[in-house]
Amino acid sequence: PLNREAFEAGVVIDVPLQRREARGRILAGRAELARLAELEQLARDRISIEVQDAANALERAYDLLKRGRDNRLMATYIEEAERRLFDVGKSDLFRVNFRELAAAEARLLEVDAAAELFRALADYIAALGHDPTRQR
């Protein structure tokens, strides 16, 4: 006899293997595209930060050179004034030598600042991706 209280039904859905593989490849392709887009954005962000850092370094180097030039001018002026005082007998050789050393030190610092400016400029040009040796 048939039991009318229990009834069991089943549905079998058979998706062809090729369709599942194609869907898997599509999903994998989309994931790869998303990964590449994230890598591209990361590279863009790094380049932007590198350019900004190089621009900041260039600005600092320029300011340092301006201060170095001002210090050199002042030290040279004081050195010349001390020499004139020595010529009229109101200074001694020790003070003249001290002022000469200070002026020489100021010149060296200015040269160092100029070198730093050129390094910073080269870094900035490189961060922008320009090749200064390439002919246009």
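Considering all different alpha carbon pairs of segment 67-136, the Kirkwood hydrodynamic radius works out to 14.4 Å.
Any idea what angle helix 93-128 forms with the longest principal axis of the chain, computed on alpha-carbon atoms, 0 to 90 degrees, nearest 10? Approximately 20 degrees, to the nearest 10. In a simple Cβ point-charge model (Lys, Arg +1; Asp, Glu -1; nothing else charged), the chain has a dipole of about 360 debye relative to its Cα centre. Helix 17-87 and the long axis of the chain differ in direction by around 10°, with both axes built from C-alpha atoms.
Starting from segment 81-129, pick out the GluC sites (Glu not before Pro) whose DSSP state is loop and whose Cβ has at most 10 other Cβ atoms within 10 Å. It would help to have the intermediate numbers written out before the result.
Values: sites: E82, E100, E105, E110, E116; in loops: none.
Sites meeting the loop and neighbour criteria: none at all.
Quick one: if the Förster radius is 22 Å, what FRET efficiency do E80 and A114 give, using the C-beta to C-beta distance and rounding to 0.05?
Working: r = 22 Å, r/R0 = 1.02.
For E80 and A114, the calculated efficiency is 0.45.
Each reported figure results from applying straightforward, stated rules to the coordinates on display, with no laboratory input. Remember, predicted model here, so these are calculated numbers, not experimental data. Glycine gets a Cβ as well: all are built from the backbone with ideal geometry, and neighbour counts include every protein chain shown.
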